[in-house]
Amino acid sequence: MRLILKFLKPHWKLCVITVLLLIIDVAGALYIPTLAAEILNEGTSGSTFDTLLGTGIQMAAASVLSGVCAITGGYTCAMLSAKLGKDMRVAIYEKSLKLSMYDFRQFGTASITTRTVSDITTIQFAVTSCIQMILPVPVIFVIALALAFSLDVEMGFILLAVVLVVLVLAFAIIRSASPLFRRLQKLLDRMSTVLLENITGVRVVRAFNNEAREEKRMAEAFSDYAETSIKANRRFANLDGLSFFCINFFVVTVYWLSGGRISTGYFQIGDITAVIEYAMMVLFFMMMAQMVILTLPRALECCERIREVLDHSPEIRDMVTENPNEAKDKKEVLSFEDVSFRFADAEENTLHRLNFTCRRGETTAIIGGTGSGKSTIALLMLRFHDVTAGSVRLNGTDIRQVTQEYLRDHIGYVQQKAWLFSGTVRDNLRYSNPNATDEEVMHAADVAQAGDFIRSLPDGLDSYVAQGGTNFSGGQKQRLSIARALVKKPELYIFDDSFSALDFKTDAALRKALAPETREAAVVIIAQRVSSIRHADQIIVINEGEMVGKGTHEELMENCPVYREISDSQTKEA
């Protein structure tokens with residue numbers, strides 16, 4: 001609840017207006033039965049037409065005022081809910097941008113998506129329903145009881161007793177339903193995860209003829225959700241039936257007691273109508289409130305899930321607010337000084353005591369077997385993880401002593417699995433530098449050997465790119481990713497196995513064109529193929545997280561058995 005109040009606080013004026021409109025609406029709705037009873041009593045007692053007309057005009061005015069307030073209040077309530085949802089989604093999105101890769105693994109991509117979309121929608125519905133269905137209940141309860149007691153004390157006590165019984169039943173059933181709603185949210189996460197895996201991995205599913213297996217897995221997730229939902233709805237149905245029973249019981253009691261009172265002249269026909277209308281309104285709003293209250297455990301669970309994300313302390317966060325002065329004249333761009341690293345959920349270090357320097361105008365290559373920790377080195381350079389020991393330095397400054405924005409402004413990163421965003425080719429290439437001109441974009445594309453195929457597209461730079469770049473081949477996506485990094489013109493280029501989908505001819509042409517473009521920057525190439533890095537100024541050989549060799553290709557072939565073994569195995573394969 002504190003979370004919701006926190007996001008409602010900036011919109012407190014809209015909250016006050018909405019509540020006032022709803023109170024006027026409820027007061028007007030309760031005043032109408034009183035006037036109706038007065039007309040009936042006056043009509044049966046022989047009052048003049050002018051008297052009846054005056055009361056009728058009051059009823060019409062009360063109806064108009066109540067209706068206008070109801071419509072306006074509904075509009076302001078919807079506006080409040082929309083603003084609340086927008087603010088919460090913005091907060092979740094901004095927080096997700098600060099989460100590290102490890103943080104994301106803790107929550108899960110599907111769970112973050114569910115929290116941002118489904119959970120906040122549930123909270124919005126709960127807030128709207130609470131304002132429209134729960135907030136009026138105390139007002140109706142007090143006014144209706146006061147009017148009922150003013151007509152007949154015994155009727156007032158009966159109405160009070162019925163209301164208390166309904167409240168006790170509602171409390172008991174809601175308490176038993178709360179765990180079911182918590183379970184529903186977890187099952188919703190499970191459904192999202194399985195569905196996302198099936199959709200994104202549909203080619204793998206079909207390739208291995210595992211459609212039946214995945215259908216069974218999906219059916220189990222759907223069935224678990226359905227069974228839990230049925231159990232929760234069954235409790236709601238019980239409460240619904242009991243509430244209707246209480247309403248009918250009160251109506252029968254009023255009619256039974258009123259017969260004798262009317263005959264003695266103590267009670268009038270209009271008074272019966274008014275008391276029943278008061279009871280109907282109280283119990284109707286209470287039933288509506290029960291429907292809302294039954295959803296509150298689910299909404300509160302959603303609030304808790306949102307709070308978990310917003311209150312989570314990111315593994316990687318800025319330690320400083322000010323950055324050092326630019327030092328682009330330094331020869332050493334990035335250096336690893338006695339760096340060791342261990343994942344948060346691991347028992348042993350993944351990397352051990354790495355020492356090397358990436359210099360301006362030089363190419364540093366990193367090679368090693370699968371799982372040796374090559375890509376982890378790139379993630380440390382970008383500060384996607386923090387080192388366990390030692391330091392990574394940018395222009396002589398520990399990267400933990402600069403902001404993440406400053407650090408990544410100096411780096412152009414091409415990841416192992418090329419990723420493109422939905423939009424146009426131009427949008428994707430300018431993603432690293434929104435101010436780049438078309439000439440700069442096409443120059444970078446030509447260097448990345450992507451210019452010819454871009455020109456061959458029907459719309460050139462305006463050609464459509466599907467999400468993830470699925471309408472391009474692996475080699476085309478890699479070249480576009482490389483061009484995107486070149487458009488940025490950073491101090492440090494990191495190519496994480498970024499040439500693996502290129503044929504040898506394209507690879508050679510790209511490297512030849514790349515050399516003059518990166519003359520003023522340091523280049524890091526992480527690769528599996530010796531042929532891709534043999535001309536590097538220095539090659540770092542990684543084996544099981546340790547640096548077992550450093551030097552040129554010729555030097556390593558002479559004095560590094562691990563590098564020689566990698567080279568020989570690839571030469572034999574070729």
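For the range 132-164, name all the residues that are surrounded by fewer than 17 Cβ atoms within 10 Å (Cβ to Cβ), among the small types (Gly, Ala, Ser) and under 46 Å from the mean Cα position of the chain (by Cα).
ALA161
For the range 448-473, enumerate the residues that are open to solvent by less than 40 Å² (accessible area, probe 1.4 Å) and within 15 Å of LYS417 (Cα to Cα).
GLY468, GLY469, PHE472
Can you run down the residue pairs with Cβ atoms below 7 Å, 6 or more apart or on separate chains, where the first is in the range 353-382 and over 14 Å from ILE539 (Cα atoms) and in contact (Cβ under 8 Å) with a residue 12 or more places away in the chain and the partner is of a type in the set (Gly, Ala, Ser) and part of a strand (DSSP E or B)?
Qualifying pairs under 7 Å: ARG353/SER340; ARG360/ALA522.
Is it true that ARG89 is without any contact (Cβ under 8 Å) to a residue 60 or more places away in the chain, surrounded by fewer than 16 Cβ atoms within 10 Å (Cβ to Cβ) and either more than 23 Å from the chain's Cα centre (by Cα) or closer than 18 Å to SER192 by Cβ (or both)?
No; evaluated as a whole, the condition is false for this residue.
Looking at the range 97-156, what helices (runs of 4 or more DSSP H) fall wholly within it and have at least 3 residues that are under 19 Å from ALA289 (Cα atoms)?
120-129, 136-151
Name the pairs: first residue in the range 53-80 and free of Cβ contacts under 8 Å to residues at least 40 places away in the same chain, second residue open to solvent by 30 Å² or more (accessible area, probe 1.4 Å) and among the aromatic types (Phe, Trp, Tyr), Cβ to Cβ under 7 Å, at least 6 apart or on different chains?
Correct list of pairs: ALA62/TYR31.
Identify, by number, the condition in (1) within 45 Å of the chain's Cα centre (by Cα); (2) open to solvent by 40 Å² or more (accessible area, probe 1.4 Å); (3) in contact (Cβ under 8 Å) with a residue 60 or more places away in the chain that THR122 doesn't meet.
So the condition that THR122 fails would be (2).
State all residues of the range 169-212 that are at pLDDT below 80, farther than 21 Å from GLN106 by Cα and open to solvent by less than 80 Å² (accessible area, probe 1.4 Å); if no residue qualifies, say none.
LEU169, ALA170, ALA172, ILE173, ILE174, SER176, ALA177, SER178, PRO179, LEU180, PHE181, listed by residue number.
I'm checking my understanding of the structure. Among residues of the range 213-224 that are of a type outside the set (Gly, Ala, Ser) and open to solvent by 50 Å² or more (accessible area, probe 1.4 Å), which one is farthest from ARG182 (Cα to Cα)?
Checked the range 213-224; the qualifying residue farthest from ARG182 (Cα to Cα) is ARG213.
Say whether the condition of being closer than 21 Å to SER335 by Cα, touching a residue at least 24 places away in the same chain (Cβ under 8 Å) and surrounded by fewer than 15 Cβ atoms within 10 Å (Cβ to Cβ) is met by at least one residue in the range 493-509.
No, because not a single residue in the range 493-509 is closer than 21 Å to SER335 by Cα, touching a residue at least 24 places away in the same chain (Cβ under 8 Å) and surrounded by fewer than 15 Cβ atoms within 10 Å (Cβ to Cβ).
Would you mention how many residues in the range 535-552 are in contact with a helix residue (DSSP H, G or I) (Cβ under 9 Å, 6 or more places away or on another chain), crowded, with 16+ Cβ neighbours inside 10 Å and over 19 Å from VAL333 (Cβ atoms)?
7
Hey, among PHE250, PHE236, PHE244, which residue is touching a helix residue (DSSP H, G or I) at 6+ places or on another chain (Cβ under 9 Å), part of a helix (DSSP H, G or I), of a type outside the set (S, T, N, Q) and open to solvent by 90 Å² or more (accessible area, probe 1.4 Å)?
Every option except PHE244 fails the conditions.
Yes/no matrix, rows are residues, columns are (1) modelled with pLDDT of 85 or more; (2) not hydrophobic (A, V, I, L, M, F, W, C):
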| residue | (1), (2) |
| --- | --- |
| ARG2 | no, yes |
| LEU8 | yes, no |
| LEU14 | yes, no |
| ILE32 | no, no |
| GLY73 | yes, yes |
| ILE92 | yes, no |
| MET101 | no, no |
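Can you list residue pairs whose Cβ atoms sit under 6 Å apart, with the first residue in the range 544-570 being over 15 Å from SER532 (Cα atoms) and the second being open to solvent by 50 Å² or more (accessible area, probe 1.4 Å) and of a type in the set (S, T, N, Q)? Count only pairs 6 or more apart in sequence or on different chains.
VAL562/ASN543
Any chance the range 38-59 includes a residue that's surrounded by fewer than 17 Cβ atoms within 10 Å (Cβ to Cβ), within 30 Å of GLY270 (Cβ to Cβ) and among the charged types (D, E, K, R)?
yes
Take the conditions in a helix (DSSP H, G or I), in contact with a helix residue (DSSP H, G or I) (Cβ under 8 Å, 6 or more places away or on another chain), open to solvent by 50 Å² or more (accessible area, probe 1.4 Å) and at pLDDT below 80 and apply them to MET291. Does it pass?
yes
The values are calculated or read from the model by the stated rules, or taken from the named source; none is laboratory data. As the structure is a prediction and not an experimental result, all values here were calculated from the model. Please note: Cβ atoms are built from the backbone with ideal geometry, for glycine as well, and neighbour counts cover all protein chains shown. Quick note on the areas: whole protein, heavy atoms, side chains included, nothing else; ligands and nucleic acids left out. Shrake-Rupley method; radii C 1.70, N 1.55, O 1.52, S 1.80 Å.
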